[in-house]
1. Normalised by the number of residues in the stretch 2-77, what is the relative contact order in percent for Cα pairs under 8 Å and 6+ residues apart?
2. Tell me what the chain gives for mean residue ellipticity at 222 nm when only DSSP H runs of n ≥ 4 count, each as -39,500 (n - 2.57), the sum divided by the residue total, rounded to 500 deg cm²/dmol.
3. Quick check on the stretch 2-77: of the DSSP beta bridges with both residues there, what percent are antiparallel, nearest 5%?
4. Within the chain, what is the longest stretch that has no trypsin sites (Lys or Arg not before Pro) placed in a DSSP loop and near at most 16 other beta-carbon atoms within 10 Å?
5. Need the full-extension length gain, Tyr7 to Thr76, defined as separation in residues times 0.36 nm minus the C-alpha distance. One decimal, nm.
6. If you put +1 on each Lys and Arg Cβ and -1 on each Asp and Glu Cβ, how big is the dipole of the stretch 2-77 around its Cα centre, in Debye rounded to 20?
Amino acid sequence: MLSAVSYPSIQAALDANSGRMIYPPSGDYLITRKIVLNKDRTGRFGPGRIIQQTADEPVIEIENASSIVVRDLTLTRA
């Protein structure tokens, strides 16, 4: 299991670990830009809560990738 807290952001963790699952532990993760999942077999799971602070941005976007997993997370807006 690869923890997202080892990186400056969840996106940085995903970008550095193609094809792996990223675990955001319990807590709130504030974002202002969408999280992009664009590598096959990548994803996120865990009890973390992702809070999008920009009204016109999606929380997550999947681009040209397959076998994406997103589970057990709370995705919300401020």
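1. Result for the stretch 2-77 is 29 percent.
2. Computed ellipticity for the chain at 222 nm equals -2000 deg cm²/dmol.
3. Antiparallel bridges: around 0 percent, rounded to the nearest 5.
4. For trypsin sites (Lys or Arg not before Pro) (loop position, at most 16 other Cβ atoms within 10 Å), the longest site-free span of the chain is 42-78.
5. Stretched fully, the Tyr7-Thr76 segment lengthens by 22.7 nm.
6. The calculation lands at about 180 debye.
Readers should treat all values here as calculations from the given coordinates under stated rules, not as data from a laboratory. A quick note: this is a predicted structure, and the numbers were derived from the prediction, not measured. As a convention, Cβ positions derive from the backbone with ideal geometry for all residues, glycine included, and neighbour counts pool all protein chains shown.
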